[in-house]
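Student: Shown below is the structure under consideration.
Bear in mind these aren't lab numbers, they're just calculated from the coordinates by the rules spelled out. Quick caveat, the model's predicted, so the values are computed rather than measured. Cβ placement follows ideal geometry from the backbone for every residue including glycine, while neighbour counts extend to all protein chains displayed.
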Amino acid sequence: MLCHGEESASSSGTEDIMALLSLVAAYSLEDVDQIQGRRKGKDRGGPPSDEELAFELFADEARALELLTRDMALAQSIDQALCADATLLAEYERAEEIAMRDREIARTIFEGRTPPEPLAADSTMVLPTSEDAHSAALDEPSNTHIKPASSAPSSSTKKLPVRAKVRLEICVICRDDIRGVIVRAPCGDAYDIECLVDLFRAATVDESLFPPACCRQPFDLKVVRQYLNKELATLVDKKAIEFGTRNRVYCCRPSCSIFIGSGTTVASQLICPQCRTETCGHCKQAAHSVFTRCTSEEDASVVALAEESGWKRCPGCGHLVELTIGCYHMTCRCRHQFCYLCAATWKTCTCAQWDENRLLHAAQDRVERQQRAQVVVNANAAPARAVDYGQVVAQEVARLRENHDCLHRWRYVSGGGHCEGCGHYLRMFLFNCTTCHIWACARCRRNRWLW
């Protein structure tokens with residue numbers, strides 16, 4: 001259907017059809033009412049006869065026809081409104097997009113970042129006029145038509161500069177429409193500037209988020225640096241050095257505690273660049289003479305507690321780790337993988353992979369998680385048939401024995417809950433792994449390395 005000239009004739013014909021259908025429905029209902037009125041008092045009781053059922057069906061069809069004519073009238077009204085206002089709405093939308101871009105440029109300049117690239121001078125947006133506004137509004141209700149500028153534009157079109165991206169995409173973290181610059185992650189996911197900056201800021205205090213990545217593919221800092229202010233970009237560079245150092249030494253002054261360098265094999269003196277305090281690079285306590293043996297009662301007590309509790313020290317970074325559940329395959333926060341029994345690099349020793357008691361505990365935990373997840377995901381489903389708990393656990397034991405590393409297949413679950421990665425409470429939705437049944441927020445699902 002077209003606007004103005006051609007539409008007026010077509011619209012007139014549609015109105016005639018709707019009026020005819022409305023009249024047919026009204027007369028049909030009137031006839032049914034008259035017939036049923038004459039039959040009052042003659043009801044013999046019992047189930048309705050075939051004739052009475054036929055009248056009821058006929059009345060239902062007449063009511064449905066009457067409702068259809070009303071819907072058609074409403075649709076035609078909306079259609080005419082779209083036809084009349086499409087051009088104006090497109091102009092308002094374009095003005096809003098320009099304002100959003102200007103705000104983003106002002107924000108990048110204020111934060112000391114490089115402004116986004118200017119719009120292409122030859123890019124144009126062809127706005128619909130009275131002749132084509134109707135078809136544009138109906139055919140593409142959520143998109144704006146983009147056409148290259150022609151050498152001889154029609155007098156019925158109005159051209160405005162267009163943004164680099166017109167189709168709105170959804171940020172994979174906050175789930176909002178991205179009306180500013182779209183930052184594309186290495187895996188192809190879309191981020192808005194605010195969520196990207198939040199990720200980099202969080203990664204500077206949470207090592208399991210560093211380097212900032214999406215779907216375990218790290219961002220290229222050279223590409224996204226333009227979206228970070230100078231202070232944050234400098235901090236990310238410092239953290240890259242710190243988190244890349246396995247045997248780290250921090251300032252021994254508790255009120256400072258900044259990273260000052262790599263540990264040494266013998267006693268040495270490292271000077272804190274911030275408070276100028278000297279720290280021993282070997283024992284990581286206050287600096288002392290290089291001829292004094294590095295030891296302390298506190299270290300001895302911690303070592304004794306570690307031996308008593310069965311804790312192990314990561315051969316990569318030296319941190320103490322504890323196995324609470326699962327197999328002997330350990331992945332430290334520094335992402336070094338080793339055997340919990342002998343501390344050798346993973347898959348380089350002949351140690352057993354599982355302790356049978358831990359294996360059984362891990363299988364029971366996974367089965368119980370699965371049962372709890374089914375209650376949340378299928379809250380309105382019929383009660384599941386009873387299953388043999390022992391048999392299900394035995395099947396899970398066999399599955400874990402063959403493959404204990406979960407690759408995580410996530411499903412979206414609406415409703416509130418706590419993320420097991422960051423501990424935050426999310427009131428709108430979470431993601432649940434269909435294999436190991438852990439719960440995660442959008443950030444931990446996409447950005448956290450250790451799962």
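Student: Under a plain spin-label model, where a point goes 7 Å from the Cα along Cα-to-Cβ, how far apart in nm are GLN395 and CYS349?
Tutor: 3.4 nm
Student: Next up: Which order results if LYS239, LYS230 are arranged by neighbouring Cβ count within 10 Å, fewest first? Could the numbers behind the result be given before it?
Tutor: Values: LYS239 18, LYS230 11.
Neighbour counts put them in this order, fewest first: LYS230, LYS239.
Student: Here's something else I'd like to know. Could you work out how much longer the chain between CYS187 and ASN247 gets when fully extended? Use 0.36 nm per residue separation minus the Cα distance between them, nm to one decimal. Please list the in-between numbers first.
Tutor: Working: separation 60, 0.36 × 60 = 21.60 nm, distance 3.17 nm.
So the extension gain works out to 18.4 nm.
Student: For the ranges 308-315, 431-438, what's the packing order if you count other beta-carbon atoms within 10 Å of each residue, average per peptide, and put the highest first? Mind dumping the intermediate values first?
Tutor: Details: 308-315: 13.9, 431-438: 18.4.
So the peptides 308-315, 431-438, ranked by packing, come out 431-438, 308-315.
Student: Considering amide H positions built from the backbone, and no H for Pro or chain starts, which residues 5 or more places from ALA213, or on another chain, come under 5 Å of its amide H?
Tutor: So ALA213 has HN proximity to PHE219.
Student: Another question about this same structure. Determine, from the Cβ-Cβ distance of ALA240 and ASP177 and an R0 of 45 Å, the FRET efficiency 1/(1 + (r/R0)^6), rounded to the nearest 0.05. Write down the numbers at each step before the final one.
Tutor: Values: r = 32 Å, r/R0 = 0.72.
With a Förster radius of 45 Å, E is 0.90.
Student: With +1 on each Lys and Arg Cβ and -1 on each Asp and Glu Cβ, how big is the dipole of region 315-451 about its Cα centre, in debye rounded to the nearest 20?
Tutor: Charge dipole of region 315-451: 660 debye, to the nearest 20.
Student: Under a point spin-label approximation (7 Å from Cα along Cα-to-Cβ), what is the ASP50-ARG409 distance to one decimal in nm?
Tutor: Placing both labels 7 Å along Cα→Cβ, they lie 5.4 nm apart.
Student: Provide the per-residue ³J(HN,Hα) series for region 80-88, in order, calculated from phi with Karplus coefficients 6.51, -1.76, 1.60 and θ = phi - 60°, each as a whole number of Hz, with x at glycine and proline positions.
Tutor: Coupling constants for region 80-88: 5, 5, 5, 4, 7, 10, 4, 4, 5 Hz.
Student: Separate question: Residue by residue through region 49-64, what is 3J(HN,Hα) from phi via Karplus (6.51 cos²θ - 1.76 cosθ + 1.60, θ = phi - 60°)? Round to whole Hz and write x for glycine and proline.
Tutor: 7, 4, 5, 5, 4, 5, 5, 5, 5, 5, 5, 4, 5, 5, 5, 5
Student: From the backbone phi of region 307-317, what are the Karplus-calculated ³J(HN,Hα) couplings (6.51 cos²θ - 1.76 cosθ + 1.60, θ = phi - 60°) in whole Hz, Gly and Pro given as x?
Tutor: 5, 5, 8, x, 6, 10, 9, 5, x, x, 10
Student: Which Cα, out of CYS332, SER262, CYS314, lies furthest along the positive dipole direction of region 248-339 (beta carbon charges, K/R +1, D/E -1)?
Tutor: So the residue furthest toward the plus end is SER262.
Student: Moving to a separate point now. Sticking with the crude label model, points 7 Å out along Cα→Cβ, report the distance from VAL387 to LEU21 in nm, one decimal please.
Tutor: The answer from the label model is 5.0 nm.
Student: Over 22 Å between Cα atoms: which of LYS239/LYS347; LYS284/LYS347; LYS312/LYS347 fall into that group?
Tutor: Values: LYS239/LYS347 30 Å; LYS284/LYS347 32 Å; LYS312/LYS347 17 Å.
Check vs 22 Å cut-off fails for LYS239/LYS347; LYS284/LYS347.
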